[in-house]
Amino acid sequence: MSLVAQRIRLFERARAVPYGTDGAHRGSELLTARCGDCLAKSDYLRTEFAALGLVVRRVRWLYHLPDSPAEVMLLPSREDVHSAVEVQIGGTWVLVDATHDPALARAGFIVADWDGVSSTPGAYPVKGPIWREGDDSPEPEPNASCRRPHDPAAGREYRVAFNRWLRDIRSGS
């Protein structure tokens, strides 16, 4: 199997795992969990691409959570941090983001395809600078300028509703 085909296979393996925030948070757990978040998917790709001998780095950026489910309004703000990877291919850094599984496209989520060579779209539009592993600047923090206090119970309620919504999208409900 060619190196390009191996890269695509790893990408598709990560993308096929349902996206959710109530499953794997580390790459080592991704393929055995019922779902995984962007941290798990990017960590999995980082590890597996490095095992192929590729130069890989983490990238993170601020984005806004979707308007649904309605419980998003319980949060201090809709700002969150997304994680993906960049891989050096032919001397060029390319973004590889396998966050959203194909079933989520029906709800308007960005679901990337990858040719193994050029950049994928990011799963979420960037809201601010992109942090790259090795940068001198600190990693982005969600709600850094938000004055509204964080309510852990509201955060849990949102996460439960968000993951239920994702499952409903997949089931066609």
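The values are calculated or read from the model by the stated rules, or taken from the named source; none is laboratory data. Quick caveat, the model's predicted, so the values are computed rather than measured. Positions of Cβ are backbone-derived with ideal geometry, glycine not excepted, and every protein chain shown enters the neighbour counts. These area figures cover heavy atoms from the full protein model, side chains too; ligands, DNA and RNA do not enter into them. Shrake-Rupley method; radii C 1.70, N 1.55, O 1.52, S 1.80 Å.
Which of the numbered conditions does LEU104 fail, given that it passes all the others? Conditions: (1) open to solvent by 50 Å² or more (accessible area, probe 1.4 Å); (2) under 23 Å from ARG170 (Cα atoms); (3) over 12 Å from the mean Cα position of the chain (by Cα); (4) of a type in the set (A, V, I, L, M, F, W, C). Unmet for LEU104, out of (1) open to solvent by 50 Å² or more (accessible area, probe 1.4 Å); (2) under 23 Å from ARG170 (Cα atoms); (3) over 12 Å from the mean Cα position of the chain (by Cα); (4) of a type in the set (A, V, I, L, M, F, W, C): (1). When the residues of segment 107-156 are filtered to those that are part of a helix (DSSP H, G or I) and among the aliphatic types (A, V, I, L, M), the one that is nearest to the chain's Cα centre (by Cα) is ALA107.
Among strands (runs of 3 or more DSSP E) entirely within segment 1-96, having at least 1 residues that are open to solvent by 10 Å² or more (accessible area, probe 1.4 Å) and either over 21 Å from ILE110 (Cα atoms) or out of contact with any Lys or Arg (no Cβ under 8 Å at 6 or more places or on another chain) (or both) singles out 56-64, 79-89, 92-96.
Regarding GLU71, is this residue over 29 Å from SER2 (Cα atoms) and in contact with a Pro (Cβ under 6 Å, 6 or more places away or on another chain)?
Numbers: over 29 Å from SER2 (Cα atoms): yes; in contact with a Pro (Cβ under 6 Å, 6 or more places away or on another chain): no.
Taking the combined requirement at face value, the residue does not satisfy it.
Could you say whether any residue in segment 126-149 is open to solvent by 70 Å² or more (accessible area, probe 1.4 Å), closer than 21 Å to PRO69 by Cα, basic (Lys, Arg) and free of Cβ contacts under 8 Å to residues at least 60 places away in the same chain? No: zero hits.
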